[in-house]
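Below is one structure; the comments refer to it alone.
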Amino acid sequence: MWRCAVLLSICWVGLAAARAYMDCGPNEIFNSCVDECPPEKACATRIEGVFCVGFPILCAPKCACKEGYYRRFEDGESECISDEECGPTCDPDEKYTECANHVDDSCTAMGSPKPNSTEPCVPGCVCNEGLFRLYNNGPCLPRRYCQELRHAPE
């Protein structure tokens, strides 16, 4: 009886693996054993080197992005796209936007839209809400640093 149960389990795993293999999308490959750590590389994070501690978690069969491709999540769907299609990588205190040049995230403007901006949109990174730059392309910092800058001796 237990032999029959083991045989059925093996068949079920094989069928599930074959089904998953057939359902992989463009730029994906089927992998019979994908670990949760390190996580799959994604456009939003582009995780390169993650240190996983402890014992490996059980792996699962699923589709993964081919080498050189990253997973993009959008509207509950995901696809594997090239690095160029992902767009730039932003720092953790930044977010990517299609119209970065229409937002002034400097301390002087405090993130307000540029008045009467007629320039075409240029994609890029802007500071997350509540963070501002002391100077162009500088790091995004909390508002209190902007106030300290105003009170600094010239």
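For segment 66-83, just list the computed ³J(HN,Hα) in residue order, Karplus coefficients 6.51, -1.76 and 1.60, θ = phi - 60°, integers in Hz, with x standing in for Gly and Pro.
So the Karplus estimates, Gly and Pro as x, are 5, 4, x, 10, 10, 7, 10, 9, 7, 6, x, 10, 9, 8, 9, 10, 6, 4 Hz.
If you add up the charges near PHE30, with Lys and Arg at +1 and Asp and Glu at -1, over every other residue whose beta carbon is less than 9 angstrom from its beta carbon, what do you get?
-1
Enter the per residue convex hull volume of segment 57-136, computed from alpha-carbon coordinates, in Å³ rounded to the nearest integer. Walk me through the intermediate numbers first.
Working: hull volume 12.8 nm³, N = 80.
Per-residue hull volume (Cα only) is 160 Å³.
A short reminder: the numbers here are calculations on the coordinates, not readings from a lab. Treat the numbers as computed from the prediction; the structure is a model and nothing was measured. As a convention, Cβ positions derive from the backbone with ideal geometry for all residues, glycine included, and neighbour counts pool all protein chains shown.
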